[in-house]
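Here's the structure we're looking at; comments come further down.
The values are calculated or read from the model by the stated rules, or taken from the named source; none is laboratory data. Only a predicted model underlies this, so the values are computations on that prediction, with no experimental measurement involved. No Cβ is skipped: glycine too gets one built from the backbone with ideal geometry, and neighbour counts run over all protein chains shown. Heads up: the accessible areas ignore ligands, DNA and RNA and are worked out on the full protein's heavy atoms, side chains in. Shrake-Rupley method; radii C 1.70, N 1.55, O 1.52, S 1.80 Å.
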Amino acid sequence: MNNSKNILNYMFGKGAIENLVEILNKKESENNYVIYYIDEYFQNNKLITKLPIQNDDEIFYVGTKDEPKTQYINKYRDILIEKNKKTPNAIVAIGGGITLDTGKAVANLLTNDGDAEDYQGWDLVKNPGIYKIGIPTISGTGAEASRTCVMTNEKSGLKLGMNSDYTIYDQLILDPNLTKTVPKEQYFYTGMDTYLHCIESLNGEFRNAIGDAFSQQAITLCREVFLSDDMMSDENREKLMVASYLGGCALANSFVGIIHPFSAGLSVVLDTHHCIGNCITMNAMEEFYPKEFEEFNLMADKQGIKIPKGIAANLDEEKYKALYNSTVIHEKPLSNALSINFKDILTFEKVKEIFQRM
Ligand code: NAD
Ligand code: ZN
């Protein structure tokens with residue numbers, strides 16, 4: 001049976017980021033320097049001037065063109081070893097899922113031998129990571145609350161996180177002021193990650209009353225946000241931040257369904273980013289999730305968001321094979337949605353046809 005762990009400490013509210021200094025000061029340790037991973041968007045942003053950065057601290061601006069790769073995580077670790085900064089007082093990650101996952105992965109790698117790829121899987125991390133603080137600046141993936149950090153090993157093609165209790169942030173600062181500047185499309189795509197993984201879980205076979213309760217509340221909040229006139233109003237940015245957090249908590253007690261495996265296929269074969277990939281996939285999911293398909297399109301229309309179409313319409317046979325393989329490899333979620341015999345439904349021809357419909 002799952003022995004679930006959730007975030008122990010979180011601070012929520014407008015302006016909450018101002019408490020970072022106090023949190024860091026309370027956590028005195030032998031080494032007082034802090035390592036920051038900050039979304040590249042904030043380089044030269046006034047947010048940086050508000051952070052309690054000291055001379056010995058290290059700041060890395062995390063690029064978001066690519067989602068995390070194991071080789072980047074190893075590189076970050078190597079830089080810190082080279083600078084003799086392997087035992088910081090804290091790691092602070094400020095950004096979206098890419099940056100939050102980077103902070104988690106480096107924190108684990110600094111206290112565990114080997115490389116990032118050695119820890120892709122379940123409960124492989126042996127030692128607690130460096131104390132870490134997560135500060136999301138966009139809402140939806142639940143990365144701030146979950147026990148994983150998604151990374152791709154380019155050599156093996158494996159896209160899998162370090163699923164471990166040690167991957168969970170020690171402290172969160174949830175400040176809805178930080179999401180004001182997110183571009184509208186991105187706000188929708190990332191926000192929808194919460195909605196989609198919750199509807200996948202609730203339609204699945206492997207259910208759990210606690211996971212269901214987190215998912216139901218997260219969906220309720222998503223509906224309020226995305227069916228309203230302005231999804232990015234102050235109140236709605238607050239709600240979406242809570243929905244994302246609850247959605248991340250739900251992940252510990254639930255499984256996704258059909259959308260995430262297809263989106264993972266797009267990501268591995270066509271390098272499509274996670275959240276837009278989910279939305280593109282959802283547009284081809286009417287037969288599996290008819291009610292939610294309708295609601296999803298209603299939300300997109302209401303917010304004036306156009307989901308890209310046709311990205312997998314005309315590929316060669318090799319590409320469809322690769323897409324098929326990187327989709328059906330996700331046995332657990334597909335069994336959750338379609339039973340253990342899911343391959344009877346998701347034949348190669350069927351999977352190809354679904355990708356062509358996107
Ligand atoms: P992201 O990190 O991919 O960033 C998306 C874009 O938004 C970037 O261009 C970024 O610069 C920009 N951005 C972020 N905050 C901004 C702000 N306040 N103002 C302006 N621009 C801003 O965002 P995401 O969609 O949250 O994360 C996707 C990643 O999360 C993927 O790598 C995916 O694999 C991962 N993920 C992780 C989990 C988990 O449980 N660990 C779950 C789902 C997805
Ligand atoms: Zn997701």
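Identify the residue in the range 268-279 that is touching a Ser or Thr at 6+ places or on another chain (Cβ under 8 Å) and open to solvent by less than 40 Å² (accessible area, probe 1.4 Å) and, among all such residues, is modelled with the lowest pLDDT. Explain how you work it out, then say what you get.
Step one: filter the range 268-279 for residues touching a Ser or Thr at 6+ places or on another chain (Cβ under 8 Å), giving 268-269, 272-275, 277-278.
After this cut, where a residue has to be open to solvent by less than 40 Å² (accessible area, probe 1.4 Å) as well, the list is 269, 272, 275, 277-278.
Values: V269: 94, T272: 97, C275: 98, G277: 98, N278: 98.
Among those that are touching a Ser or Thr at 6+ places or on another chain (Cβ under 8 Å) and open to solvent by less than 40 Å² (accessible area, probe 1.4 Å), it is V269.
Filter the range 280-299 for residues that are touching a Ser or Thr at 6+ places or on another chain (Cβ under 9 Å) and not aliphatic (A, V, I, L, M) and give the result.
Passing the criteria: only T281.
Going by the structure shown, is Y320 open to solvent by less than 10 Å² (accessible area, probe 1.4 Å) and part of a helix (DSSP H, G or I)?
Working: open to solvent by less than 10 Å² (accessible area, probe 1.4 Å): yes; part of a helix (DSSP H, G or I): yes.
So Y320 passes the test.
Looking for something surrounded by 18 or more Cβ atoms within 10 Å (Cβ to Cβ) and more than 16 Å from ligand 1 (Cβ to nearest atom) - is there at least one such residue anywhere in the range 226-237?
Checked the range 226-237: no residue is surrounded by 18 or more Cβ atoms within 10 Å (Cβ to Cβ) and more than 16 Å from ligand 1 (Cβ to nearest atom).
Residues in the range 13-30: is at least one under 24 Å from I79 (Cα atoms) and part of a helix (DSSP H, G or I)?
Yes.
Given the options E318, E331, name the one that is away from ligand 1 (no atom under 16 Å from the Cβ) and over 21 Å from the mean Cα position of the chain (by Cα). Talk me through it step by step, then tell me what you get.
Details: E331 fails: over 21 Å from the mean Cα position of the chain (by Cα).
Just a single option satisfies the conditions, and that option is E318.
With respect to E154, determine if the residue is touching a helix residue (DSSP H, G or I) at 6+ places or on another chain (Cβ under 7 Å), assigned by TED's automatic domain parsing to the domain that holds I91 and away from ligand 1 (no atom under 12 Å from the Cβ). Please lay out each step first, then the result.
On the way: touching a helix residue (DSSP H, G or I) at 6+ places or on another chain (Cβ under 7 Å): yes; assigned by TED's automatic domain parsing to the domain that holds I91: yes; away from ligand 1 (no atom under 12 Å from the Cβ): yes.
Judged against the criteria, E154 is a match.
If you take the residues in the range 69-95 that are within 18 Å of the chain's Cα centre (by Cα) and open to solvent by 10 Å² or more (accessible area, probe 1.4 Å), which one is nearest to S146 (Cα to Cα)?
The qualifying residue nearest to S146 (Cα to Cα) is K69.
Evaluate the following for V106: is it open to solvent by less than 10 Å² (accessible area, probe 1.4 Å) and closer than 27 Å to I276 by Cα? Walk me through how you get there before you give the answer.
Numbers: open to solvent by less than 10 Å² (accessible area, probe 1.4 Å): yes; closer than 27 Å to I276 by Cα: yes.
For V106, the condition - open to solvent by less than 10 Å² (accessible area, probe 1.4 Å) and closer than 27 Å to I276 by Cα - is met.
Could you run through the range 122-179 and say how many residues are open to solvent by less than 20 Å² (accessible area, probe 1.4 Å), assigned to a strand (DSSP E or B) and aliphatic (A, V, I, L, M)?
6
Could you say whether any residue in the range 224-237 is modelled with pLDDT of 95 or more and touching a His at 6+ places or on another chain (Cβ under 9 Å)? Can you show your working first?
The first filter runs over the range 224-237 and keeps only residues modelled with pLDDT of 95 or more, leaving 224-237.
With the extra rule that they be touching a His at 6+ places or on another chain (Cβ under 9 Å), the set shrinks to none.
No, every residue in the range 224-237 fails to be modelled with pLDDT of 95 or more and touching a His at 6+ places or on another chain (Cβ under 9 Å).
Look through K65, K85, K75, K46 and report the one residue that is over 16 Å from I133 (Cβ atoms), touching a residue at least 40 places away in the same chain (Cβ under 8 Å) and out of contact with any His (no Cβ under 9 Å at 6 or more places or on another chain). Break it down stepwise before answering.
Numbers: K65 fails: touching a residue at least 40 places away in the same chain (Cβ under 8 Å); K75 fails: touching a residue at least 40 places away in the same chain (Cβ under 8 Å); K46 fails: touching a residue at least 40 places away in the same chain (Cβ under 8 Å).
One residue alone meets the criteria, K85.
Please go through the range 252-267 and pick out each residue that is within 11 Å of ligand 2 (Cβ to nearest atom) and either outside the structural domain of I210 (by TED's automatic domain parsing) or touching a Lys or Arg at 6+ places or on another chain (Cβ under 8 Å) (or both).
A264, S267
Looking only at residues in the range 55-72 that are under 18 Å from N108 (Cβ atoms) and part of a loop (DSSP other than H, G, I, E, B), which one is farthest from ligand 1 (Cβ to nearest atom)? Steps first, answer last, please.
Of the residues in the range 55-72, the ones under 18 Å from N108 (Cβ atoms) are 58, 60, 62, 67-72.
Checking the rest, the ones that are also part of a loop (DSSP other than H, G, I, E, B) come to 67-68.
Numbers: E67: 4, P68: 6 Å.
Here the residue is P68.
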